[in-house]
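None of the figures in this text is laboratory data; all of them are computed from the coordinates on show. Everything numeric in this text was worked out from a predicted model, so none of it was measured. Please note: Cβ atoms are built from the backbone with ideal geometry, for glycine as well, and neighbour counts cover all protein chains shown.
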Amino acid sequence: MLLSPALAISAVLFTLGVAGVLFRRNAIVIFMCVELMLNAVNLTFVALAQVIGVGGQVFVLFVMAVAAAEAAVGLSIILAVYRHKQSVSLQNMNLLKDG
Amino acid sequence: MTGTPVDLIWLAPALALLGFVLNGTLALTRPNTKTLVSVIGAGVLLAAFAVAVVVFSNFRSLHPEDPVIYRYWSWIPVGTLQVDFAFQVDQLSLVMLLIVTGVGSLIHLFSIGYMKEDPGYARYFAYLNLFVFFMLVLVLGASFPVMFVGWEGVGLCSYLLIGFWFTDAANATAGRKAFIMNRIGDFGFMVAMFMIFWSMGSLDFATVFEHAPTALAPGGAAITAITLFLFLGCTGKSAQIPLYTWLPDAMAGPTPVSALIHAATMVTAGVYLVARCNLLFAMAPVSSAVVAGVGALTALFAATIALKQWDIKRVLAYSTVSQLGYMFLAVGTGAMTAGIFHLATHAFFKALLFLGSGSVIFAMHRAYHHTHVHEDAQDMRNMGGLARYMPWTAALMWIATLAIAGLPPLAGFFSKDEILTAAHARGHVQAIWLVFWGFGLVTALLTAFYMTRLMLYTFHGPNRTGEAERPHLHEAPWIMTGPLAVLGLLTLLGGLLNVPELYRGSAWLHHWLEPVTAPGAALIPDVHLSRSSEWLLVGIAVLTAVVGVVGAWRLLKPAELVPAKQAPEERGFARILRHKWYVDEIYDALFVRPLMWLSREILWKRVDQQAIDGAAVNGAARGARALGWANRWLQTGQVGTYVAVFVVGVLLLLWRALG
């Protein structure tokens, strides 16, 4: 596997994730974009593992476990918000703002 | 530890403390208990007196030169400051121990009768026991801080007992006045302690007196300052000029309290302190002169006020201030024995006088109570001719009167004469002492006069109490006259403690106290008067007393006196004396009002309300609100915005880290 293309893809994926988080309003889409960023980082780990050592691959497993947990918690929060507000748009989630 | 019954010394204060705890518990839980409270209250004191006698007799058979010190526990171990909670048993503290527990026991017994009807009976005895505990800590303490605990404690009890009938605002005010005046004195005591520790590195009496001659230059600024600050403490506690004004007001408390605290024991603590530190005072001639001068001046000043008071207790109060002045004249002169001797005899005859006046007030109060008349039961103008109704009280008070006037061979004669002789002798070396002696002599004349006046107006002439009340005037019960009789006996025989060698006496007290007073006495010029001049001085003193008594007897006409309600206001000089030289008014104008003005107008309205409340507290709140208002635009509540800021932040950090 070639190092540079892998890293390039990873960078593109990450940037897509950031852009999605910044510009989309739907909470589920934003959530998927966060996952995209996580997986971009995973790709970097795997790619660099051949240079640095097996540690990167081990770390990917950790990230996946944490991402799974995070997905469970995040989706249940979004579900709870939907039940409460009948919407998953972030624009409606501004309870902390005064007035 | 000596392995003798002297080791039991801790029992004396412990018993008093036990009495306080038990009576205090009863006062809180069952305030109407009387018999049990009396048994505990007086019982612990009698037991403490028994302990004192046992300790005294055993200590006497040991007759050690050095004090016996008992260290119970380490109290303040801080760096180089090591203070143990320790008691010191020596000749001086034993004399005080016997006076406090002995006279204290008699006054506790008297109180059983005097306070019988009072609703605060248990509380009263709890306070009285607590007072005795602190007084014993004061006289037994082996270091300045331990003594200071007792010193403050007796001040607290004095405050509590002056304001014992606190529902009357005047009594509560009198208590506060005493407390505040004493606080001024305590400030002096504390500064003196700081300076002693600073210059000698210890606060134990033994160490301080051992190091003082080498650590400090005699007559130097340091020792003079230390002793003057100590004396400031004494002027507060022992009611000397300029802090004496609280003592006459302290008569607001129950009369036995006046006898115990404000005549016999607590107010003599200052004299005890000077006698204890006799070495320090002997090293500072200026301070000694100040002590003697203030004492002589106070003696004369208070005696003039006593001439024109109508309240029987107030006369005695000013008399106490005056007699305390005598004691300070003695200890300032270096005649420590004479001072302590007068302290002891004064405790006997002044306790007798106060308790006697208590009997009189008790009788007057009951008589007025029968007819529901609200007259002043303490005003001598309402009394007169009481000797017919209470012969025992009258006879015993006459003994005390002649003793305080200084007629031989009563207790007061020997002690007062010794003080005047000592002052006169010192006058041969330093002429200023001749002035002090003159003050003392005039005071003796005035003392004889006002005391005879008190007796004349109270017990002789026609009765002015009122027709309806007269049949209800009776002698007090035996529980009150009994202690009076014992004190009368002590007043008769008290002089035997220290009959001077002039009358082929043994001067027992003088030799007994020698181990304590010797270090100071060695530094003071020793003047021996010739036998003939000593006799001459005695003659002058006796003549003065006789002139005072006879003069009052001849000049004053009790028959012409009218009851308080119809009495006209005094005129001229008498009016000034009646109003106590307007000292309270002067203090009020000089200190109280400016302080009140400063507190109200500056400290309260400016500093507290405007600076602290306005600028600091509300200002901080206003500042926080303004800051919040300025920053609120950052918080949009839109998650998108936060994420954008977050991303920008991360990019900036990356740029800083990589670039």
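For B:Val83, the residues 5 or more places off, or on other chains, whose built amide H falls under 5 Å of its own are B:Trp75, B:Ile76, B:Val78. In terms of the mean number of neighbouring beta-carbon atoms within 10 Å, the peptides B:590-598, B:302-310, A:40-48 order highest first as B:302-310, A:40-48, B:590-598. Close Lys pairs in the protein assembly as shown (alpha-carbon distance under 16 Å; sequence gap of 8 or more, or different chains): 7.
Simple point charges give the picture: +1 on the Cβ of Lys and Arg, -1 on the Cβ of Asp and Glu, and for chain B a dipole about the Cα centre of about 1440 debye.
For the peptides B:9-21, B:327-339, B:161-173, the ranking by mean Cβ contacts within 10 Å, running from highest to lowest, is B:327-339, B:9-21, B:161-173. Annotation for B:Glu569 and B:Ala518: the two label points, set 7 Å from Cα along the Cα-Cβ direction, are 6.2 nm apart. Computed from the Cβ-Cβ distance with R0 of 45 Å, the FRET efficiency linking B:Trp655 to B:Trp73 stands at 0.10. Residues whose amide H comes within less than 5 Å of that of B:Gly141, counting only those at least five positions distant or on another chain, are B:Gln88 (H built at 1.01 Å from N in the peptide plane). Here the relative contact order of region B:288-339, from alpha carbon pairs under 8 Å that lie six or more residues apart, stands at 50 percent.
Given R0 = 45 Å, the distance between the Cβ atoms of A:Thr15 and B:Asn618 translates into a calculated FRET efficiency of 0.30. Note on chain A: dipole from Cβ charges, positive end direction compared against A:Gln91, A:Val51, A:Ile78; the farthest Cα belongs to A:Gln91. Distance from the Cα centre of region B:43-73 to that of region B:581-659, in angstrom? Comparing the Cα centres of region B:43-73 and region B:581-659, I get a distance of 62 Å. Within 10 Å of the Cβ of each residue in B:635-643, the mean number of Cβ atoms contributed by other protein chains is 5. The dipole here belongs to the protein assembly as shown: it is taken about the Cα centre, uses +1 on the Cβ of Lys and Arg and -1 on the Cβ of Asp and Glu, and is about 1920 debye.
Distance between the pseudo-spin-label points of A:Ile77 and B:Ala630 (7 Å out from Cα toward the beta carbon): 3.2 nm. Take every Cα pair under 8 Å whose residues are at least 6 apart in sequence, average their separation, divide by the length of chain B, and the relative contact order is 12 percent. Taking Cα centroids, how far is region B:89-129 from region B:446-515 in Å? Result: 19 Å between the Cα centres.
What the phi angles of region B:215-232 give under the Karplus curve with 6.51, -1.76 and 1.60, with θ = phi - 60°, is a coupling list of 6, 10, 6, x, x, x, 5, 4, 5, 5, 5, 4, 5, 5, 5, 4, 5, 4 Hz, glycine and proline written as x. The mean sequence separation of alpha-carbon pairs under 8 Å and at least six residues apart, normalised by the residue count of chain A, gives a relative contact order of 28 percent.
Derived scalar couplings between HN and Hα for region A:11-17 equal 5, 5, 4, 4, 4, 4, x Hz in order, rounded to whole Hz, by the Karplus curve 6.51 cos²θ - 1.76 cosθ + 1.60 (θ = phi - 60°), x for Gly and Pro.
In chain B, the longest principal axis of the Cα atoms and the axis of helix B:169-200 are about 80 degrees apart.
The calculated FRET efficiency for B:Thr80 paired with B:Val149, based on their beta-carbon distance and R0 = 22 Å, is about 0.60. Residues whose amide H falls under 5 Å from that of B:Gly466, counting only those 5 or more places apart or on a different chain, are absent, with hydrogens built in the peptide plane. Spin-label pair B:Val643-B:Tyr503: with each label point 7 Å from Cα along the Cα-Cβ axis, the two points sit 11.1 nm from one another. In region B:562-619, what trypsin sites (Lys or Arg not before Pro) fall in a loop by DSSP, with at most 11 other Cβ atoms inside 10 Å? Answer in residue order: B:Arg571. Ranked for footprinting exposure by Cβ neighbours inside 10 Å, fewest first, B:Lys34, B:Lys557 give B:Lys557, B:Lys34. Taken one residue at a time, the phi angles of region B:43-54 give Karplus couplings (6.51, -1.76, 1.60, θ = phi - 60°) of x, 5, 5, 4, 5, 5, 5, 4, 4, 4, 5, 4 Hz. Gly and Pro are set to x. Measuring between their Cα centroids, region B:382-421 and region B:270-331 lie 20 Å from each other. In terms of the mean number of neighbouring beta-carbon atoms within 10 Å, the peptides B:129-135, B:282-288 order highest first as B:129-135, B:282-288. Simple rule: put +1 on each Lys or Arg Cβ and -1 on each Asp or Glu Cβ in the protein assembly as shown, find the dipole, and look at B:Leu62, B:Tyr72, B:His474; the Cα lying farthest toward the positive end is B:His474. Taking other C-beta atoms within 10 angstrom as a stand-in for reagent exposure, B:His372, B:His346 fall in the order B:His372, B:His346, fewest first. In terms of other Cβ atoms within 10 Å, B:Glu534, B:Glu560, A:Glu35 run from fewest to most in the order B:Glu560, A:Glu35, B:Glu534.
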